[in-house]
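The values are calculated or read from the model by the stated rules, or taken from the named source; none is laboratory data. It should be emphasised that the depicted structure is a prediction, and the values quoted were computed from it without experimental measurement. We place every Cβ from the backbone using ideal geometry, glycine too, and count neighbours over all the protein chains shown.
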Amino acid sequence: MKSELKGKNSHKATNSFLLLFFCTGILLPLEAAGGSYTQSAHGDSGGGVARSSVTGYAAGNCSHCHEQHASVDGEEPLPVSGDASPFAVFSDGFNDSVQFGPYVMTDNFCFYCHVSSGGLQNGGGINNYQYSNTFGGYTTNWVTDILGAFNLTSYHNLYDIQNFAESKFSFFKQSSNPCVACHNPHLAKNRKDHPSDADYTTISKPSDHDNLWGDAANERMSNYTSYRPPYYYGSTSTYEPGGVVLHDGSLQTDYNAFCLDCHQYEVPVSTPGVTSMNPNTTNGYLTAIDWGSSGDMHGERARLFGVGGNATGCIGTIIAPYNTAPVQNNYVLSCLDCHDPHGSILTTGNRPSTYLLRKEVNNNKVDGCSGGGEQYFCESDFCFSCHTNSHAGPQGCFGCHYHGGENINCGGPWTGPNF
Ligand code: HEC
Ligand code: HEC
Ligand code: HEC
Ligand code: HEC
Ligand code: HEC
Ligand code: HEC
Ligand code: HEC
């Protein structure tokens, strides 16, 4: 949705930024006072930004993130090499000598506050849980903060995101923070306390950074005629997001359009051990996702068979809520029905990565192949969140069923998509 801050924040170099910040130090907050910044999670005069070391500024004031001098009264952390950090924020946006995780707090400006303890925000910590907990109702909090989510074994690699975003999106500068590829810190709202209300979205499409994504009716999953959200954990009568009865997609952000801003392309990956499941994808990259009508069947391509698994061989069933009336002939799933946006649990067995796959899917805890515990992840258990039928070893499903996979046989000739 169009934002009132649009067009204001288009300054490039650190020096001109500092100058701008000085000159408009009074104007900008005033201008923002009636606008989107004060409605954002950070600009909120109650629970917004408030570094305990920065006194004399109200909660929500820009100065809790930006420093008009290289640092406020010499407070920690000290500016990199004595100069102001890019965009005059209180630390370097991202330590880009860190090519892969695990990350520490000082690697990323946002981590200084988005840690559950030991951070700079008043009180020392901010709790944030996994998508499958906040939106899906899963009850085990494997991590309690954003730093923890990016330190799970499978994670969105911040270095790769930074490079890719710089190559594709003009707002994104070489010194930009990789989190900013998906979030605009001046606009992001507090969704965790309003999970069922997409007006409180936290994200901005990288191709439309100056606006929020999800806060307008045409930015929701109801854009797809046959979206049906997964069950909320522990329930077969309420749905995501947040355990609601309404299940037409109108309460959920259109994550497909958001994720495909980047994933319509092959994206480079440098995380050790992570390779594409798709043999046709360029080496060193991940598959370009085709969610359109001639792409994957979990996207807009219509499936081939009924939900009841009436035939033999490979063909299996699709379970509730998808098999409940009115049964649709072409469900379109959301990327976040299956994936967690920041990171996901580690895995054992033959998996190089769990590809950010959710720990809880459609009211099913994805476990190890013979139980195990939180840290285990079994491919067939993942599929069984929504299907029955198995015709391979339990860790051998992604070898045939992957994004873009086609014509891969199952005990006989097979022509057509596998995913
Ligand atoms: C000075 C401390 C501070 C810094 C630095 C900071 N944040 Fe925040 N952030 C907060 C506070 C405080 C909240 C609101 C309280 C809460 O969510 O518990 C918040 C909330 C958010 C939310 C909304 C979360 C929700 O509740 O759904 C997002 C998204 C977010 N921050 C992203 C970022 C990103 C991205 C960065 C770095 C560019 C960043 N933050 C840097 C303090 C900070
Ligand atoms: C700003 C660009 C961008 C956006 C937006 C984006 N991604 Fe990614 N994604 C990347 C890049 C670059 C990689 C490769 C590096 C990596 O693996 O983390 C990647 C990797 C992945 C991977 C593989 C991770 C692994 O290492 O196994 C998955 C799964 C994924 N993205 C899902 C998503 C989903 C779901 C969304 C929407 C919530 C999304 N992405 C949005 C850039 C993006
Ligand atoms: C949660 C921390 C945070 C708060 C609060 C904050 N900013 Fe920012 N701001 C950032 C970050 C991080 C960047 C750098 C974005 C990037 O990496 O590309 C930035 C960049 C900017 C820019 C450069 C252009 C752009 O949008 O990227 C301007 C101008 C700006 N901020 C003004 C303000 C003003 C004015 C306020 C208060 C009304 C404010 N900021 C509050 C974190 C914050
Ligand atoms: C690839 C895109 C992407 C990147 C990169 C990314 N996020 Fe997010 N983030 C999301 C999505 C999607 C959500 C789900 C919330 C929503 O729909 O509004 C989210 C949610 C959040 C939340 C709210 C969590 C809650 O409690 O519900 C915070 C805080 C946050 N992100 C901070 C960060 C920080 C800090 C970074 C960088 C270290 C980061 N994000 C990087 C996509 C991203
Ligand atoms: C969140 C629920 C969900 C998960 C998890 C899921 N699927 Fe599906 N799957 C569906 C739905 C719903 C459809 C029907 C799509 C349509 O109607 O076009 C489908 C369709 C399919 C189809 C096409 C069926 C046909 O009739 O052509 C195949 C094959 C498939 N899934 C395999 C898998 C495999 C293998 C896994 C595990 C890697 C998996 N699915 C995980 C919900 C899911
Ligand atoms: C050797 C390749 C291969 C392997 C390995 C494989 N599958 Fe399949 N699978 C197929 C083919 C081919 C189909 C038929 C395609 C279709 O239904 O669209 C199929 C169909 C399915 C369907 C049917 C979906 C529907 O609604 O009709 C499910 C469910 C499924 N597979 C689950 C699994 C699971 C779980 C595993 C791992 C235990 C697995 N598959 C391993 C090739 C394979
Ligand atoms: C039905 C569940 C499901 C949905 C919905 C889904 N994914 Fe995936 N995704 C998977 C599985 C399973 C894998 C691991 C197999 C593979 O790599 O394709 C995966 C892997 C990936 C990868 C790594 C691909 C590679 O080269 O191996 C990316 C990137 C990705 N997903 C992005 C997305 C995006 C973007 C969307 C939404 C447009 C999406 N996914 C929707 C289940 C899903």
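When you scan the range 391-406, how many residues do you find that are farther than 14 Å from Asp296 by Cβ and either within 30 Å of the chain's Cα centre (by Cα) or away from ligand 5 (no atom under 11 Å from the Cβ) (or both)?
Step one: filter the range 391-406 for residues farther than 14 Å from Asp296 by Cβ, giving 391-397, 399.
With either within 30 Å of the chain's Cα centre (by Cα) or away from ligand 5 (no atom under 11 Å from the Cβ) (or both) added as a condition, the list becomes 393-397, 399.
Going through the range 391-406 one residue at a time, the tally reaches 6.
Residue check: is Ser196 within 16 Å of ligand 6 (Cβ to nearest atom) and surrounded by fewer than 22 Cβ atoms within 10 Å (Cβ to Cβ)?
Details: within 16 Å of ligand 6 (Cβ to nearest atom): no; surrounded by fewer than 22 Cβ atoms within 10 Å (Cβ to Cβ): yes.
Here the answer is no, as Ser196 does not meet what is asked.
Here are the criteria: (1) near ligand 6 (Cβ under 8 Å from one of its atoms); (2) in contact (Cβ under 8 Å) with a residue 60 or more places away in the chain; (3) farther than 24 Å from Asn323 by Cβ. Tell me which single one Gly396 does not satisfy.
(2)
If you check every pair at least six apart or on different chains, which have Cβ atoms under 9 Å apart with a residue in the range 400-419 that is free of Cβ contacts under 8 Å to residues at least 24 places away in the same chain and among the charged types (D, E, K, R) first and a residue that is within 16 Å of ligand 2 (Cβ to nearest atom) and in a loop (DSSP other than H, G, I, E, B) second?
So the pair list comes out as Glu406/Phe419.
Might you let me know whether the range 248-260 holds any residue that is charged (D, E, K, R), buried (at least 20 other Cβ atoms within 10 Å of the Cβ) and assigned to a helix (DSSP H, G or I)? Break it down stepwise before answering.
Taking the range 248-260 first, the residues charged (D, E, K, R) are 248, 254.
Now restrict to residues that are buried (at least 20 other Cβ atoms within 10 Å of the Cβ): 254.
Subset that is assigned to a helix (DSSP H, G or I): none.
There is no residue in the range 248-260 that is charged (D, E, K, R), buried (at least 20 other Cβ atoms within 10 Å of the Cβ) and assigned to a helix (DSSP H, G or I).
Looking for something free of Cβ contacts under 8 Å to residues at least 12 places away in the same chain and out of contact with any Lys or Arg (no Cβ under 9 Å at 6 or more places or on another chain) - is there at least one such residue anywhere in the range 152-168? Break it down into steps so the answer makes sense when it comes.
Applying the first criterion (free of Cβ contacts under 8 Å to residues at least 12 places away in the same chain) to the range 152-168 yields 166-167.
Among the residues that remain, those that are also out of contact with any Lys or Arg (no Cβ under 9 Å at 6 or more places or on another chain) are: 167.
Within the range 152-168, one or more residues are free of Cβ contacts under 8 Å to residues at least 12 places away in the same chain and out of contact with any Lys or Arg (no Cβ under 9 Å at 6 or more places or on another chain).
Looking at the range 294-313, can you tell me whether even one residue there is farther than 22 Å from Ser385 by Cβ and within 21 Å of the chain's Cα centre (by Cα)?
no
Sort out which residues of the range 357-375 are in contact with an Asp or Glu (Cβ under 6 Å, 6 or more places away or on another chain) and more than 16 Å from ligand 2 (Cβ to nearest atom), and write them in order of number. First the steps, then the outcome.
Within the range 357-375, the subset in contact with an Asp or Glu (Cβ under 6 Å, 6 or more places away or on another chain) is 358, 366-367.
Hit for the range 357-375 is Asp367, nothing else.
Read through the list (1) within 12 Å of ligand 2 (Cβ to nearest atom); (2) more than 30 Å from Gly46 (Cβ to Cβ), then give the number of the only condition that Ser170 fails.
Every condition holds for Ser170 apart from (1).
With the structure loaded, tell me whether Gly368 is of a type in the set (Gly, Ala, Ser) and under 29 Å from Phe150 (Cβ atoms) or whether it fails that test.
Values: of a type in the set (Gly, Ala, Ser): yes; under 29 Å from Phe150 (Cβ atoms): yes.
Yes; evaluated as a whole, the condition is true for this residue.
Could you say whether any residue in the range 159-168 is assigned to a loop (DSSP other than H, G, I, E, B), more than 16 Å from ligand 7 (Cβ to nearest atom) and in contact with a helix residue (DSSP H, G or I) (Cβ under 8 Å, 6 or more places away or on another chain)? So that I can check it myself, show each step before the final result.
Quick first cut of the range 159-168, residues assigned to a loop (DSSP other than H, G, I, E, B) only: none.
Checked the range 159-168: no residue is assigned to a loop (DSSP other than H, G, I, E, B), more than 16 Å from ligand 7 (Cβ to nearest atom) and in contact with a helix residue (DSSP H, G or I) (Cβ under 8 Å, 6 or more places away or on another chain).
Condition first: within 20 Å of Thr236 (Cβ to Cβ) and without any contact (Cβ under 8 Å) to a residue 12 or more places away in the chain. Now tell me which residues in the range 282-341 satisfy that.
Within the range 282-341, Thr324, Ala325, Pro326 qualify.
I want to confirm something. Restricting to the range 384-419 and keeping residues that are farther than 24 Å from Ala288 by Cβ and hydroxyl-bearing (Ser, Thr, Tyr), which single residue is modelled with the lowest pLDDT?
Looking at the filtered set, the residue picked out is Ser390.
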